[in-house]
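What follows is calculated from the coordinates using simple rules that are stated; it is not laboratory data. Here the structure is a predicted model, which means the values were calculated and not measured. Every residue, glycine among them, receives a Cβ derived from its backbone with ideal geometry; neighbour counts consider all protein chains shown.
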Amino acid sequence: MNYLAHLHLGGQRPGQLLGSLYGDFVKGRLQGQFAPEVEAAIQLHRRIDVFTDRHPLVDASLARFSTTRRRYAGIVLDVFFDHCLARDWKQYAAQPLEQFTADVYRVLTLEQQLPERLAKIAPHMVANDWLGSYREFEVLEQVLRGISRRLTKPEELAGAMQELRRLYEPLSEDFRLFYPQLQDFAENSQAQKI
């Protein structure tokens with residue numbers, strides 16, 4: 001799962017939103033460096049990643065990709081699943097996407113101590129409405145281009161958009177089957193921590 005899904009699944013309080021994002025930027029053991037609510041959201045983020053990586057529907061989705069893209073298929077799928085979530089937001093959330101993203105951006109803007117890499121991208125995320133823009137399929141090309149700049153073999157992402165166009169319907173169906181299961185997992189994980 002990518003940013004939007006983690007934010008959606010991690011809880012709506014400011015600390016939960018921050019921790020849901022921090023999960024991609026904070027590595028290693030958590031030893032009280034953040035507020036308990038933030039650390040709990042980081043832990044949930046990590047559990048969501050493990051659940052997703054081990055799920056048979058996700059394995060089936062990854063197997064749809066060509067072998068030339070298989071190494072980075074997980075990254076492409078994460079981005080595509082955020083597109084599916086943004087596109088079909090009303091099916092999964094009561095709050096409008098625009099209101100949700102505005103809340104996230106407000107929390108990010110007010111936080112003074114973001115992890116270093118997140119601090120660098122947060123202003124761009126807010127200014128360019130990264131989360132809401134996932135609704136538009138063509139935006140994924142720009143997202144994947146940005147990701148490829150951080151990879152050791154960026155050429156392996158070349159052609160990913162053509163493959164996503166070809167796989168659009170089957171991957172969308174995979175998402176429709178998988179995401180409610182992931183929502184249940186996240187809700188149950190949070191309930192067990194209370």
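Couple of notes before you dig in:
- Boolean, Arg135 is among the charged types (D, E, K, R), in a helix (DSSP H, G or I) and more than 23 Å from Glu187 (Cα to Cα): no
- Residues of region 95-125 that turn out to be among the small types (Gly, Ala, Ser) and within 16 Å of the chain's Cα centre (by Cα), as a count: 1
- Number of positions in region 79-99 that are among the acidic types (Asp, Glu) and surrounded by fewer than 22 Cβ atoms within 10 Å (Cβ to Cβ): 2
- Meets criteria (in contact (Cβ under 8 Å) with a residue 12 or more places away in the chain, surrounded by fewer than 17 Cβ atoms within 10 Å (Cβ to Cβ), farther than 27 Å from Val139 by Cβ and in contact with an Asp or Glu (Cβ under 8 Å, 6 or more places away or on another chain)) for Arg13: yes
- Count - residues of region 17-54 that are of a type in the set (Lys, Arg) and in contact (Cβ under 8 Å) with a residue 12 or more places away in the chain: 2
- Lone qualifier among Glu156, Glu169 - being more than 18 Å from the chain's Cα centre (by Cα), surrounded by 13 or more Cβ atoms within 10 Å (Cβ to Cβ) and not in a loop (DSSP other than H, G, I, E, B): Glu156
- Checking each residue in region 35-52 for being of a type in the set (Val, Ile, Thr), closer than 15 Å to Leu182 by Cα and in contact with a helix residue (DSSP H, G or I) (Cβ under 9 Å, 6 or more places away or on another chain) picks out Ile48, Thr52.
- Index of the failed condition, Leu177 passing every other in (1) in contact (Cβ under 8 Å) with a residue 40 or more places away in the chain; (2) surrounded by 14 or more Cβ atoms within 10 Å (Cβ to Cβ): (2)
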